[in-house]
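A short worksheet on the structure shown next.
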Amino acid sequence: MSQAPIGIFDSGVGGLSILKTIQQHLPNENLLYFADSKYAPYGQLDETTLKQRCLFIADFFVKRKAKAMVIACNTATALMAEWLRTEYDIPIIAIEPAIKPAAAMTKTNRIGVFATQHTLNSERYRSLLERFTADKEVYESACLGFVEQVEKGELDTLKTISLIEKNLLPMLDQNIDTLVLGCTHYPFLSDSIQTVAGKQALTIVDNADAVCLQLIRVLAELQLLNLKLHQANYYFNSAELEDDNQVMSNLLGYTIKIFSLEK
């Protein structure tokens with residue numbers, strides 16, 4: 001069972017930012033990645049449709065005997081993680097915006113949060129704010145269009161820079177010094193975000209390392225860490241897009257083959 005794969009899913013290509021971190025820390029693990037690009041962004045889905053997608057993907061992983069599942073999506077975590085844990089008996093590692101470390105890092109006590117509207121509206125997110133930012137000012141943006149730009153692989157085009165300016169500059173005017181990326185697509189825009197910030201000091205925080213550490217803890221407790229050599233990773237996408245292979249390969253930094261799974 002320790003050699004069984006780990007299933008990782010997101011509304012699209014964003015969860016590759018989590019997969020890359022898992023590969024760095026757990027190079028022996030075999031991974032299944034499911035990009036649900038046909039339904040991206042999850043932040044604009046109604047809860048019924050989102051539940052159907054999460055069920056379909058979880059079943060997909062279980063049928064392929066995944067030993068654990070990583071929800072590499074803040075929206076799916078915020079709305080579906082606890083419910084999924086009642087439906088499946090495999091370990092489920094979820095993700096949440098890095099509010100706690102951001103609160104510890106800020107020197108101006110002013111924090112920016114980029115996330116989807118579903119995440120910003122969720123009880124899980126609001127609980128994080130209540131616990132860790134009582135003495136901080138928090139500025140939020142739903143960042144409409146960010147996910148779509150990353151899905152197209154347009155990380156630094158004029159349109160992408162313009163979208164970042166629209167969402168970031170008002171926060172910088174409020175003297176934020178720390179920015180939480182509360183969607184796994186957004187770390188791929190980190191360089192462009194820093195370009196827009198320019199000389200204004202800005203610390204960007206995401207949660208990839210925290211997710212990976214939790215995954216390691218869970219697998220170790222269950223004696224499921226793969227101590228043998230890595231065998232293979234497999235990549236799936238629900239959308240039939242000609243440029244998916246190129247976009248996902250570019251984001252990972254190496255060439256992959258994607259299996260289309262339309263449903």
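The values are calculated or read from the model by the stated rules, or taken from the named source; none is laboratory data. Computed from a prediction, not measured in an experiment: that's the story for all the values here. Using ideal geometry, Cβ is built from the backbone for each residue, glycine included, and neighbour counts are taken over all protein chains shown.
Taking the stretch 149-164 on its own, how many of its residues are surrounded by 15 or more Cβ atoms within 10 Å (Cβ to Cβ) and not in a loop (DSSP other than H, G, I, E, B)?
Selection size over the stretch 149-164: 7.
Mind listing whichever residues of the stretch 39-66 are surrounded by fewer than 23 Cβ atoms within 10 Å (Cβ to Cβ) and assigned to a loop (DSSP other than H, G, I, E, B)?
L45, D46, R64, K65, A66
Do you know which residues across the stretch 21-36 are surrounded by fewer than 22 Cβ atoms within 10 Å (Cβ to Cβ) and farther than 17 Å from I93 by Cα?
Q24, P27, N28
Within the bounds of the stretch 255-263, is there any residue that is in a helix (DSSP H, G or I), touching a residue at least 24 places away in the same chain (Cβ under 8 Å) and aromatic (F, W, Y)?
Here is the first cut: in the stretch 255-263, the residues in a helix (DSSP H, G or I) are none.
No, the stretch 255-263 contains no residue that is in a helix (DSSP H, G or I), touching a residue at least 24 places away in the same chain (Cβ under 8 Å) and aromatic (F, W, Y).
Can you name the residue in the stretch 124-157 that is small (G, A, S) and free of Cβ contacts under 8 Å to residues at least 24 places away in the same chain and, of all such residues, is nearest to L45 (Cα to Cα)?
G145
In the stretch 167-197, how many residues are among the hydrophobic types (A, V, I, L, M, F, W, C) and either in a loop (DSSP other than H, G, I, E, B) or surrounded by fewer than 18 Cβ atoms within 10 Å (Cβ to Cβ) (or both)?
Within the stretch 167-197, residues that are among the hydrophobic types (A, V, I, L, M, F, W, C) and either in a loop (DSSP other than H, G, I, E, B) or surrounded by fewer than 18 Cβ atoms within 10 Å (Cβ to Cβ) (or both) number 3.
Surrounded by fewer than 21 Cβ atoms within 10 Å (Cβ to Cβ) and either out of contact with any Ser or Thr (no Cβ under 9 Å at 6 or more places or on another chain) or in a helix (DSSP H, G or I) (or both) - does that describe any residue in the stretch 67-74?
Yes, the conditions are met somewhere in the stretch 67-74.
Mind checking which residues of the stretch 93-119 are closer than 20 Å to H185 by Cβ and either in a loop (DSSP other than H, G, I, E, B) or without any contact (Cβ under 8 Å) to a residue 60 or more places away in the chain (or both)?
A94, I95, E96, P97, A98, A115, T116
Quick check on I90: is it surrounded by 15 or more Cβ atoms within 10 Å (Cβ to Cβ), assigned to a loop (DSSP other than H, G, I, E, B) and free of Cβ contacts under 8 Å to residues at least 60 places away in the same chain?
So I90 fits the description; yes.
Where the second residue is assigned to a helix (DSSP H, G or I) and at pLDDT below 95 and the first is over 14 Å from K199 (Cα atoms) and lies in the stretch 163-177, which pairs have Cβ atoms under 6 Å and are six or more apart or on separate chains?
Partner pairs satisfying both residue conditions: none exist.
Evaluate the following for K228: is it among the charged types (D, E, K, R) and closer than 29 Å to N30 by Cβ?
yes
Looking for something in contact with a His (Cβ under 9 Å, 6 or more places away or on another chain), at pLDDT below 95 and not hydroxyl-bearing (S, T, Y) - is there at least one such residue anywhere in the stretch 79-94?
Yes, some residue in the stretch 79-94 is in contact with a His (Cβ under 9 Å, 6 or more places away or on another chain), at pLDDT below 95 and not hydroxyl-bearing (S, T, Y).
Could you grab me the full set of residues in the stretch 200-240 that are part of a helix (DSSP H, G or I) and among the small types (G, A, S)?
A208, A210, A220
Would you point out which residue out of I93, I57 is touching a Leu at 6+ places or on another chain (Cβ under 9 Å) and under 26 Å from A142 (Cα atoms)?
Checking each option against the conditions leaves just I93.
Check the stretch 8-23 and report whether any residue there is farther than 20 Å from G145 by Cβ and touching a Cys at 6+ places or on another chain (Cβ under 6 Å).
Yes, some residue in the stretch 8-23 is farther than 20 Å from G145 by Cβ and touching a Cys at 6+ places or on another chain (Cβ under 6 Å).
Could you list all residues from the stretch 36-67 that are touching a helix residue (DSSP H, G or I) at 6+ places or on another chain (Cβ under 8 Å) and of a type in the set (K, R)?
Within the stretch 36-67, K51, R53, K67 qualify.
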